[in-house]
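No lab work stands behind these numbers, since they all come straight from the coordinates. This structure is a prediction, so every number in the text was calculated from the model and none was measured. Cβ: placed from backbone, ideal geometry, glycine included. Neighbour counts: every protein chain shown.
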2 protein chains.
Amino acid sequence: MKEKEFINIIQNTLSSKYIGDDCAYLEDLGIVVSQDSLVEEVHFSRRYFTPYQLGYKSVAVNISDICASGAEPKYLTIALSLPDKTEDKFIEDFYNGAKDACFGAEIVGGDITGADKIYVSVCAIGSVKGRKISSRGGAKVGQKVVISGKHGLSAVGLSILSGQNYEQLFEDEKKRLIDAHIMPKPQMEFSKRIATCQMGKYAMMDTSDGLADALSVIADMSGVMLEIYYDKIPTDAALVKIPNNKDFILYGGEDYGLVATTDEVSDFTVIGEVKSGSGVKLNYSDGTYDLLSKKEVENKLYKHFKE
Amino acid sequence: MKEKEFINIIQNTLSSKYIGDDCAYLEDLGIVVSQDSLVEEVHFSRRYFTPYQLGYKSVAVNISDICASGAEPKYLTIALSLPDKTEDKFIEDFYNGAKDACFGAEIVGGDITGADKIYVSVCAIGSVKGRKISSRGGAKVGQKVVISGKHGLSAVGLSILSGQNYEQLFEDEKKRLIDAHIMPKPQMEFSKRIATCQMGKYAMMDTSDGLADALSVIADMSGVMLEIYYDKIPTDAALVKIPNNKDFILYGGEDYGLVATTDEVSDFTVIGEVKSGSGVKLNYSDGTYDLLSKKEVENKLYKHFKE
């Protein structure tokens with residue numbers, strides 16, 4: 001599906017300042033809101049996901065969107081569409097998983113309907129009280145680029161689930177990578193620390209579509225260059241054993257880490273700096289580097305969508 | 001699908017005070033939130049709905065939920081899942097319809113994904129500022145029962161679309177009934193008038209699942225009896241020509257009118273009174289009456305769900 005093209009059409013039709021970001025910041029109400037959906041056989045398969053895990057991940061990815069804005073996740077509504085003859089146990093397990101991914105937020109409503117396949121759409125609301133809200137266009141020259149979470153694990157985990165046999169990995173390593181895909185942890189603590197220590201504008205985004213995508217979008221929307229030291233990006237030791245691990249780390253997606261630009265760096269993992277220019281400059285330890293334009297990143301992105 | 005049973009399981013799993021109502025009232029944030037989905041071949045068919053009309057109705061039914069709470073509809077997010085190869089024109093038409101159903105509210109986000117069938121899930125947010133928020137359990141003995149909108153039209157319209165041939169109806173009458181099904185008008189003005197003139201508790205609900213359902217739920221959750229004068233219920237002249245029109249008027253659903261209980265009755269259409277007791281008492285002009293228990297109403301409800 002031509003997702004980016006469709007979003008352009010929506011933006012043109014609605015002429016809204018809000019469309020295009022993962023969260024909309026509604027200043028008059030003091031909230032941010034986001035909505036994200038998971039469709040069976042597009043975003044997940046029942047072969048890999050138990051109902052509990054599906055409930056967990058559906059909520060976790062939406063909590064992650066709120067965290068990316070810097071707001072405090074507060075409330076969620078869940079629309080769940082299910083095939084006829086779904087067993088009661090599925091509903092119970094799904095909502096137990098959803099509840100366990102809330103980390104203090106609360107599920108307050110939604111609806112349940114029939115459908116051919118499983119379809120989950122979650123709407124999440126965050127409070128901006130006491131928080132400075134991020135913007136993808138908020139990065140300023142001189143700020144540091146900081147990161148949370150480990151990168152590349154989720155995509156390798158999905159690759160294992162899809163049948164790829166990495167003989168070089170131990171079973172506990174495989175399990176860790178699969179868990180990263182199935183039950184990602186929203187970066188609530190990092191989000192709070194970033195959003196409560198900012199004095200001015202800053203950028204923050206989750207890495208759901210890949211770390212390179214997040215860096216590239218921030219650079220593009222802020223009109224700056226992000227200079228990144230590749231070796232500082234946190235990942236898992238198991239990835240060293242995987243061929244083309246760089247592609248997983250940069251473009252794998254679904255790790256739901258956060259990347260932010262900030263003046264205040266105490267206790268954060270710094271991976272780079274905001275410079276004047278455009279695009280993302282990736283420096284390697286051997287002194288070489290890659291310059292990634294927005295277009296190059298988009299072309300390499302991990303895609304859920306069939307073109 | 002066993003919708004009510006599933007909602008019970010969700011309530012038990014989450015132990016939340018919010019689940020079960022169409023809107024959740026989040027007092028700390030000063031908002032109400034609701035989410036409602038439309039699934040192809042469950043809630044609508046592309047044979048009857050143009051993309052524009054689908055966009056319109058998806059938003060209208062969610063605006064109606066906010067109106068039922070008494071809040072002011074402010075913002076919406078839309079999750080749209082579409083088959084591959086959906087044309088650009090579909091997106092444009094859909095969002096033009098969605099925009100036209102906003103009546104002052106604004107679409108601020110959502111997402112777009114692939115899927116086998118069309119799936120729309122809308123989340124709506126309303127502001128409680130200057131409004132007294134309704135509750136299904138808020139009806140008090142002595143209040144009047146007031147109503148907005150016309151009832152029974154939408155279900156007859158759907159019946160015509162499904163192939164029922166009402167030879168007794170003129171073409172313009174058929175068109176009016178079909179329009180009531182395809183493009184229902186949210187009762188924003190009535191909602192505002194009710195929610196700004198209440199001094200204390202009151203009940204309000206939309207008639208999306210049928211007028212009898214709304215009356216029965218309010219009676220049950222408020223612990224009162226609603227005594228209704230059937231002949232005062234507003235409908236369309238065309239329905240007089242339809243056999244079993246009473247079933248359409250009481251159980252048809254999808255008219256998206258509002259029914260409320262109120263102390264203040266000026267300018268409202270009064271259809272009955274709140275009495276002590278339980279259930280709904282329907283008085284007819286010939287002096288006869290029906291007593292409807294909650295169970296009887298549930299059994300007769302118009303259902304989207306295959307059991």
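Table for the structure above
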{"quantity": "Cα gyration tensor shape of the protein assembly as shown, rounded if a/c is under 1.5, else prolate or oblate by comparing a/b with b/c", "calculated": "prolate"}
{"quantity": "Helix-only mean residue ellipticity at 222 nm for the protein assembly as shown, each DSSP H run of n ≥ 4 adding -39500 (n - 2.57), per residue, nearest 500", "calculated": "-10000 deg cm²/dmol"}
{"quantity": "Sorted by Cβ density within 10 Å, fewest first, the residues A:Tyr95, A:Tyr251", "calculated": "A:Tyr251, A:Tyr95"}
{"quantity": "Chain A: C-alpha gyration tensor shape, a/c 1.5 cut-off, then a/b vs b/c", "calculated": "oblate"}
{"quantity": "Rounded to the nearest 20 debye, dipole of region A:144-300 from Cβ charges on Lys, Arg, Asp, Glu", "calculated": "220 debye"}
{"quantity": "For A:Gln11, inter-copy label distances in nm, listed shortest first [label point 7 Å out on the Cα-Cβ vector]", "calculated": "4.5"}
{"quantity": "Gyration tensor verdict on region B:6-84 (Cα atoms; rounded if a/c is under 1.5, prolate if a/b is larger than b/c, oblate otherwise)", "calculated": "oblate"}
{"quantity": "Shielding by partners - mean other protein chain Cβ count within 10 Å, residues of A:92-100", "calculated": "3"}
{"quantity": "Copies compared at B:Lys89 - label distances in nm, ascending, label defined 7 Å from Cα in the Cβ direction", "calculated": "4.9"}
{"quantity": "Nonlocal amide H pairs with A:Gly257, under 5 Å, H built at 1.01 Å", "calculated": "A:Thr207"}
{"quantity": "DSSP beta bridge pairing in chain B, given as percent antiparallel to the nearest 5", "calculated": "75 percent"}
{"quantity": "Which of A:Asp206, A:Asp220 has the fewest Cβ neighbours within 10 Å, and the rest in rising order", "calculated": "A:Asp220, A:Asp206"}
{"quantity": "Size of electric dipole in the protein assembly as shown: Cβ of Lys, Arg +1 and of Asp, Glu -1, about Cα centre, debye, nearest 20", "calculated": "780 debye"}
{"quantity": "Per the protein assembly as shown, cysteines lacking a partner by the 4.7 Å Cβ criterion", "calculated": "A:Cys23, A:Cys67, A:Cys102, A:Cys197, B:Cys23, B:Cys67, B:Cys102, B:Cys197"}
{"quantity": "Long-range amide H partners of A:Ile271 with built H, under 5 Å", "calculated": "A:Val145, A:Val146, A:Ile147"}
{"quantity": "Karplus-derived HN-Hα couplings along region B:44-60 (A = 6.51, B = -1.76, C = 1.60, θ = phi - 60°), whole Hz, x at Gly and Pro", "calculated": "7, 10, 5, 5, 9, 10, 6, x, 4, 5, 5, x, 4, 5, 4, 6, 4"}
{"quantity": "Copies compared at A:Asp100 - label distances in nm, ascending, label defined 7 Å from Cα in the Cβ direction", "calculated": "4.8"}
{"quantity": "Per-residue mean of C-beta atoms belonging to partner chains within 10 Å, peptide B:118-129", "calculated": "5"}
{"quantity": "Dipole moment magnitude, nearest 20 debye, chain B about Cα centre, only Lys, Arg, Asp, Glu C-beta charged", "calculated": "560 debye"}
{"quantity": "Region B:1-64 versus region B:247-307: alpha-carbon centroid distance in Å", "calculated": "21 Å"}
{"quantity": "Signed unit charges on C-beta, dipole axis of region B:144-300, positive-most listed residue B:Ser159, B:Leu292, B:Ala260", "calculated": "B:Ala260"}
{"quantity": "Under 5 Å, built H, 5+ apart or other chain: amide partners of B:Thr113", "calculated": "B:Leu80, B:Ser81, B:Leu82"}
{"quantity": "Region B:21-56: GluC sites (Glu not before Pro) in DSSP coil with no more than 13 other Cβ atoms inside 10 Å", "calculated": "B:Glu27, B:Glu41"}
